[in-house]
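Structure in structure tokens, see below.
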Amino acid sequence: MHMENYVGERIRQHREAAQLSQAELARLISKSVETISNFERCKTAPSLQTLYVLAEALGVRVSDFFDDTPIKGLRNVLDASISHKWKLLPKKD
């Protein structure tokens with residue numbers, strides 16, 4: 001299974017755990033329902049910035065989208081990289 005498949009599945013799992021419909025999540029992150037569906041079905045992959053927004057909306061860390069991936073140590077690498085890059089993103093008011 002490719003990395004995108006894990007990410008899409010994890011997005012769906014976290015959305016369902018948050019008891020959100022695709023439409024509710026789409027509204028929260030200013031994306032279309034089709035976009036959320038495409039992420040979850042692995043038709044398209046979210047950008048890093050969109051992963052940040054998804055994580056915030058779902059109350060998880062970006063690295064949580066990569067749990068159980070076959071790439072050893074990816075989560076630790078992502079946690080370090082993401083926390084640095086998160087600080088560089090412009091803040092919304």
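Sticking with the crude label model, points 7 Å out along Cα→Cβ, report the distance from Leu48 to Glu24 in nm, one decimal please.
Each label point is offset 7 Å from its Cα along the Cβ direction, giving 3.1 nm.
Can you tally the net charge around Val33? Count Lys and Arg as +1, Asp and Glu as -1, for every other residue whose Cβ sits under 14 Å from the Cβ of Val33.
Once all neighbours under 14 Å are counted, the net charge is +3.
No value in this document is a laboratory result; all are computed from the given coordinates. The model shown is predicted, which means the values in this text are computed figures rather than measured ones. In this analysis, Cβ positions are derived from the backbone assuming ideal geometry, glycine residues included, and neighbour counts consider all displayed protein chains.
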